[in-house]
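First comes the structure, then the notes that go with it.
The values are calculated or read from the model by the stated rules, or taken from the named source; none is laboratory data. The shown structure was predicted, so the numbers you read here are calculated from the model rather than taken from an experiment. Cβ atoms come from the backbone with ideal geometry, glycine included; neighbour counts cover every protein chain shown.
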Amino acid sequence: MLSLADRRDRATYDPSLTTPVKYTVASAGAAPDTLTYGPSFYDLAGSLKGPTTVGFNRRLNNLTNVISAAKVASSKMANLDAFELGNEPECEGFVKRDQCQEADESLYQQ
């Protein structure tokens with residue numbers, strides 16, 4: 001599984017980005033505050049050995065962005081096996097966002 005979305009799903013595809021990934025962090029070792037990836041990310045992903053599943057951010061609810069990224073992934077990755085649309089279905093509108101975040105963070109405190 002290949003996913004740019006961290007546990008809070010902040011990844012956004014930018015078709016004009018010239019680097020594979022661009023991100024900012026509040027401090028060393030912190031999860032990214034923002035994470036953007038471009039078409040060249042899929043060039044790198046296409047070089048992975050074996051079947052590869054690509055996960056897409058759904059928390060930001062930008063379906064147009066997901067479709068754009070999926071089209072590029074499918075054109076650049078001969079090793080593409082599947083897409084995963086969101087990785088936390090319980091956080092996709094079925095519960096309140098703050099409840100989801102609380103539940104998510106509690107998993108890391110165990």
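Of the numbered conditions (1) closer than 16 Å to D81 by Cβ; (2) part of a loop (DSSP other than H, G, I, E, B), S16 satisfies every one except a single condition; which is it?
The number of the failed condition is (1).
Across the stretch 19-66, what is the total count of residues that are modelled with pLDDT of 90 or more, loosely packed, with under 15 Cβ neighbours inside 10 Å and under 20 Å from D81 (Cβ atoms)?
Number of matching residues: 7.
Select from the stretch 67-86 the residues that are of a type in the set (D, E, K, R) and in a strand (DSSP E or B) and write down the one among them that is surrounded by the fewest Cβ atoms within 10 Å (Cβ to Cβ).
Among them, the one singled out is D81.
Restricting to the stretch 24-59, name every residue that is part of a strand (DSSP E or B) and either of a type outside the set (S, T, N, Q) or in contact (Cβ under 8 Å) with a residue 40 or more places away in the chain (or both).
Across the stretch 24-59, the qualifying residues are V25, P32, D33, L35, Y37, T52, T53, V54, G55, F56.
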